[in-house]
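Here's the structure we're looking at; comments come further down.
The values are calculated or read from the model by the stated rules, or taken from the named source; none is laboratory data. Bear in mind that the values here come from a model prediction, so they are computed numbers and not experimental data. When we count neighbours, we look across all protein chains shown, and the Cβ atoms used for this are built from the backbone with ideal geometry, even at glycine. What goes into the accessible areas is simple: the full protein's heavy atoms, side chains included, and nothing from ligands, DNA or RNA. Shrake-Rupley method; radii C 1.70, N 1.55, O 1.52, S 1.80 Å.
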Amino acid sequence: MKKLISQAYTLLNEHGFDWSICGGAAIDLYLGRQTRIHKDLDIAVFWEDRNLIIDLMLSSGWRVLQACGGGVVHELNKKQDEKFEKRNLFCFTVNEHRVKLEAIGQDKYRFGLEKVEQQYFTYVEFLFNERNDGNFFLLGETKIKREILKVTSG
């Protein structure tokens, strides 16, 4: 996991947006040990940085897919200037063979990811969050909030 996080840091750091490890990897980092295998690395980011992230991943040679629900994804080939639905992004390199895509329409696919441990930084899921007035909000629960400085500093 440390190798994956180091590779994520190399790609994502210093591109003008805040990010952090979340999900199972974050729990393992907190505990200081791996509790289970992880099929993916989850990265928490903020909605206002979505186009920066799309541009970075595309310009780095990654494919970018937007979740549509029900196991369906839509491939993005450029940032979205028009209004977009608030959906997570799945990004992967051409070397990521665990991703399974079944074409079901124009730039739409049925999506699958094999449930085997991720060995290389070839896949990442971006999970988007809200922030406002110096607070971090739990997705969909604006009453559950914490000051950003307390979120980032422990």
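In terms of the Cα gyration tensor, with a ≥ b ≥ c the square roots of its eigenvalues, is the range 1-136 rounded because a/c is under 1.5, prolate because a/b exceeds b/c, or oblate?
Working: a/c = 1.61, a/b = 1.11, b/c = 1.44.
Since a/c reaches 1.5 but b/c is at least a/b, the shape of the range 1-136 is classed as oblate.
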If the cut-off is 20 Å between C-alpha atoms, which lysines fall inside it for Lys78, apart from same-chain ones fewer than 8 positions away? Lys86, Lys108
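Based on DSSP, what percent of beta bridges with both residues in the chain are antiparallel, to the nearest 5? If you can, show how the numbers build up before the last one.
Values: 32 of 37 bridges.
About 85 percent, rounded to the nearest 5.
Keeping all protein chains in place, calculate the accessible area per residue for the chain (probe 1.4 angstrom), answer in Å². Spell out each step's value before the answer.
On the way: 9370 Å² over 154 residues.
I get 61 Å² per residue for this part.
For the chain, give the magnitude of the charge dipole about the Cα centre (Cβ charges: +1 Lys/Arg, -1 Asp/Glu; no others), in debye to the nearest 20.
Details: 22 positive and 22 negative charges, 88 e Å.
That gives a dipole near 420 debye.
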If the elastic network links every pair of Cα atoms under 10 Å, which of Tyr120, Tyr109, Tyr30 fluctuates the most in the Gaussian network model of the chain? Tyr30
So, with a 1.4 angstrom probe, what is the percent of accessible area on the chain that is carbon and sulfur? 51 percent
With labels modelled as points extended 7 Å from the Cα through the Cβ direction, what inter-label distance (nm, one decimal) is found for Gln7 paired with Arg110? 2.9 nm
